[in-house]
Amino acid sequence: MHELALTQNLMETLAASARQQGISRINLVHLVVGRMSGALPGALEFCFSALKRGDLLGGARLEIEEREIQAQCQACGKSFIVEDYCFLCPACSAGEVKIVSGRELYIDYYDGE
Ligand SMILES: [Zn+2]
């Protein structure tokens, strides 16, 4: 996948944000990763560890919160968690479902000084 590029982007975002807020060292980064985001948490962790260096990110710990895929049936309106990529409504078996969440990938918050 594209976790390397993603991690580089995240780090650039963090660096820019930290500069704005006068933060010189980041201790913790909390990332939200949806199961449909296309990024693998293990690979993100690996890339983060491999790339982090310097004063700002060298000591940062990456914390990943995985989000389930949530969908809503367009036929009966039921909301449900999609498991094993089975996009069928558990109530009425309709296949027309809307993905409500699970595609997200963003920095929820970070902690630094
Ligand atoms: Zn339904």
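No lab work stands behind these numbers, since they all come straight from the coordinates. Model, not experiment: these values are computed from the prediction. Every residue, glycine as well, gets a Cβ built from its backbone with ideal geometry; the counts of neighbours run over all protein chains shown.
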Along the charge dipole of the chain, pointing to its positive end and built from +1/-1 on Cβ of Lys, Arg, Asp and Glu, which listed residue (Phe87, Ile26, Thr13) has its Cα farthest out? Thr13
Helix axis angle, 3-21 relative to the chain longest principal axis, alpha carbon, degrees: 60 degrees
Region 30-93: GluC sites (Glu not before Pro) in DSSP coil with no more than 11 other Cβ atoms inside 10 Å: Glu83
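Taking the Cα centre of the chain as origin, work out the dipole magnitude from +1 charges on Lys and Arg Cβ and -1 charges on Asp and Glu Cβ, in debye rounded to 20. Display every interim value, and only then the final one.
Working: 10 positive and 15 negative charges, 38 e Å.
So the dipole magnitude of the chain works out to roughly 180 debye.
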Tilt of helix 41-51 relative to the longest C-alpha principal axis of the chain, in degrees (0 to 90, nearest 10)? 10 degrees
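Hey, with R₀ at 41 Å, roughly what FRET efficiency would Ser79 and His2 work out to, going by the Cβ-Cβ distance, to 0.05? Provide the component values of the computation, followed by the final result.
Numbers: r = 30 Å, r/R0 = 0.73.
After rounding to 0.05, the efficiency reads 0.85.
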Percent of C-alpha pairs per 5 Å bin, the chain, short to long: 2, 12, 19, 18, 13, 10, 9, 7, 6, 3, 1
Check: C-alpha center region 80-111 vs C-alpha center region 1-61, spacing in Å is 24 Å
Among Leu62, Leu40, Leu88, residue whose mean-square fluctuation peaks in a GNM of the chain (springs only between Cα atoms under 10 Å): Leu88
